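The structure is given below, and queries will be raised subsequently.
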Amino acid sequence: MKVAGKPRIRCSPGVDLRARIRAIYEGASRGPRLGNKGLMGVGGPNGDISGKLSILRKRARHAVRNQAYATTAKETYVSNLVGNGIVAKWGNKTLQRLWDRWILESDADGLDNFYGLQMLAAGAQFESGEVLTRQRLRHAADRLVVPLQLQMLEADHLDEGYTLKRAHNPIVLGVQFNDFGQRSFYHLWRDHPGDGLTGLTGNARRAIPADDIIHLYRRLRPGQVRGIPELTPILVRLYEIDEMQDATLVKQKVAQLFAWIVKKRPYPTDMGGETNRVMGKEEESPEGEPLEQITAGGIHYLDDDEDISFSNPDGVDGANYATWLKTELRASARAVGLTYEQLTGDLEGLNYSSIRAGMLEFRRRIEQLQLHFLIHRWCRPVSRWFADVAVLSGAEVPGYWQDPGAFLPAWKSPKWDWVDPLKDVMADILEIRGGLDSRQNKVAERALDFDQINAQLLLEQSLALMLDTNPGKLTASGQFQDLTKLALQQQEA
């Protein structure tokens, strides 16, 4: 009989239909193996964050300050994501000339250049999950090449406790949206809440237009308004590793004390139970002090009725400890997108091929973050601020306001260096000779200026120097170039 509106599920004789339905998705089971795992506190992208951001930031910052692996993870992340700096190449010479001077005075605090701000932004985002950059317009009297500077603010300035659920202009975790779902204001504390500098007037909260703020964070879920620290998945693991290492260190320190424990023999007794003292003396020994601490190289005595035993519980020890630690650190490194070797500096057992293969996945991730995260979400908005202010303050850039986006620069990340640079250079040469890439692209990969290199090569060729490094005069084997052939090649080009 077929029930209307319900599909019929055919089963072989003797098969429990309910058991088969439950087995379709074992991950959804609430049986003994899973119970309520993963079901507590899992909600929307902002509900899960609300009320927890401050705790996560504090623990991540504490780990970076006090734990070697967390510190190394942050430094490795920043050094690979930013390197010597992600360089802007403007198509307009006026903007390029102004930019080259402005990057030296871009910091509102007057301490770093533009590439130092890149490092600061990447480090704060890794440690705190997010960072704020505010554009600060300056007066002509400040005598800046372009009257604009960048103020870096920690995420604590953005009031995560300020949420208003309303029909129009809702505020979520300190970020205000308009009726179209676009960010319109950031509600920032005037002073850092953790500095205690509020004074008698208290800490004021101000609404800053969203056009003046760059909010840099990794959006892991659609609709996520705030960012979480990169160490979040491994915070518990890092603290447990740290405690395990402390406990192992204490155990080894105790084992190296080399103390002696002397236990006194009891005096013999006569038939009546009276103590038979040696030589007939009747002396009472002073009451012994409790043995609470063993000192290095010490000799400790026990009373007649005392005994001592040492605890030797089962646990991870010796070679098993090293294996356990490597397993934990490999999982931790993978969770934050690093390799085990980068996190620990342990290069034991590696060769050129294995370390290169291990770095490929890491570099794919870093290149993705450089292009779609740091460049798109931070560098590009900064360059738009710069160009707008430069033109408004008098820079002659014809046609800029008709299509400002066409004047924005191309951003070049630092070239990756391998263990064997000779192989990389030879590979570049083969790609150029084989027509798979151009010399201009190879120069750009090194974040160098193509026109400047060409000018330098022409200058060297004009000098009467016979160096085998000059391809315009000598071949790689030191033979003279066929100048007639070279001239014909240049005419054809």
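With the requirement that a residue be within 14 Å of I234 (Cα to Cα) and either of a type in the set (D, E) or outside any loop (DSSP other than H, G, I, E, B) (or both), what does segment 326-339 give you?
Of everything in segment 326-339, those that are within 14 Å of I234 (Cα to Cα) and either of a type in the set (D, E) or outside any loop (DSSP other than H, G, I, E, B) (or both) turn out to be T327, E328, L329, R330, A331, S332, A333, R334, A335.
Under the condition of being farther than 21 Å from N84 by Cβ and among the acidic types (D, E), which residue from segment 376-419 is least open to solvent (accessible area, probe 1.4 Å)?
Of everything passing the filter in segment 376-419, D388 is least open to solvent (accessible area, probe 1.4 Å).
Name the residues in segment 144-195 that are aromatic (F, W, Y) and surrounded by fewer than 13 Cβ atoms within 10 Å (Cβ to Cβ), would you?
Selection gives F180 alone.
Now a separate question. Among the acidic types (D, E) and either within 30 Å of G227 (Cα to Cα) or part of a helix (DSSP H, G or I) (or both): which single residue out of E361, E348 fits that description?
That would be E361, the only listed residue that is among the acidic types (D, E) and either within 30 Å of G227 (Cα to Cα) or part of a helix (DSSP H, G or I) (or both).
Continuing with this model, one more query. Determine which member of the set R57, R134 is assigned to a strand (DSSP E or B), among the basic types (K, R) and crowded, with 17+ Cβ neighbours inside 10 Å.
Just a single option satisfies the conditions, and that option is R134.
Scan segment 168-217 residue by residue and report those that are among the acidic types (D, E) and in contact (Cβ under 8 Å) with a residue 12 or more places away in the chain.
Passing the criteria: D191, D212.
In segment 460-483, what residues are among the charged types (D, E, K, R) and either under 30 Å from W411 (Cβ atoms) or modelled with pLDDT of 75 or more (or both)?
Listed by number, the list holds a single entry, E460.
So L457 ticks every box in (1) in a loop (DSSP other than H, G, I, E, B); (2) at pLDDT 75 or above; (3) not basic (K, R) but one. Which box is left unticked?
It fails just one condition, (1).
Among the numbered criteria (1) open to solvent by 20 Å² or more (accessible area, probe 1.4 Å); (2) under 22 Å from L371 (Cβ atoms), which single criterion is violated by F126?
Here F126 clears every test but (1).
Tell me yes or no: at least one residue of segment 107-117 is open to solvent by less than 30 Å² (accessible area, probe 1.4 Å), under 30 Å from D417 (Cα atoms), under 24 Å from the mean Cα position of the chain (by Cα) and not hydrophobic (A, V, I, L, M, F, W, C).
Checked against the condition, which is being open to solvent by less than 30 Å² (accessible area, probe 1.4 Å), under 30 Å from D417 (Cα atoms), under 24 Å from the mean Cα position of the chain (by Cα) and not hydrophobic (A, V, I, L, M, F, W, C), segment 107-117 yields at least one hit.
Kindly establish whether V425 is open to solvent by less than 50 Å² (accessible area, probe 1.4 Å) and either of a type in the set (A, V, I, L, M, F, W, C) or over 30 Å from W102 (Cβ atoms) (or both).
no
Could you tell me how many of the residues in segment 162-177 are part of a strand (DSSP E or B) and either of a type in the set (A, V, I, L, M, F, W, C) or closer than 30 Å to E105 by Cα (or both)?
Residues in segment 162-177 being part of a strand (DSSP E or B) and either of a type in the set (A, V, I, L, M, F, W, C) or closer than 30 Å to E105 by Cα (or both): 5 in total.
Yes/no matrix, rows are residues, columns are (1) without any contact (Cβ under 8 Å) to a residue 40 or more places away in the chain; (2) in contact with a Cys (Cβ under 7 Å, 6 or more places away or on another chain); (3) assigned to a helix (DSSP H, G or I); (4) not aromatic (F, W, Y):
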{"position": "L104", "(1), (2), (3), (4)": "yes, no, no, yes"}
{"position": "D112", "(1), (2), (3), (4)": "yes, no, no, yes"}
{"position": "Y115", "(1), (2), (3), (4)": "yes, no, yes, no"}
{"position": "M119", "(1), (2), (3), (4)": "no, no, yes, yes"}
{"position": "G123", "(1), (2), (3), (4)": "no, no, yes, yes"}
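Quick test of your reading of the structure: Y77 fulfils all but one of (1) part of a strand (DSSP E or B); (2) buried (at least 20 other Cβ atoms within 10 Å of the Cβ). Name the failing condition by number.
Going through the list (1) part of a strand (DSSP E or B); (2) buried (at least 20 other Cβ atoms within 10 Å of the Cβ), Y77 breaks only (1).
Could you please find all residues in segment 145-161 being in a loop (DSSP other than H, G, I, E, B) and at pLDDT 95 or above?
Those that are in a loop (DSSP other than H, G, I, E, B) and at pLDDT 95 or above: V145, V146, P147.
The values are calculated or read from the model by the stated rules, or taken from the named source; none is laboratory data. These numbers were taken from a predicted model, which means no experiment stands behind them. Positions of Cβ are backbone-derived with ideal geometry, glycine not excepted, and every protein chain shown enters the neighbour counts. Note: accessible area is taken over every heavy atom of the protein model, side chains too, but ligands, DNA and RNA are not part of it. Shrake-Rupley method; radii C 1.70, N 1.55, O 1.52, S 1.80 Å.
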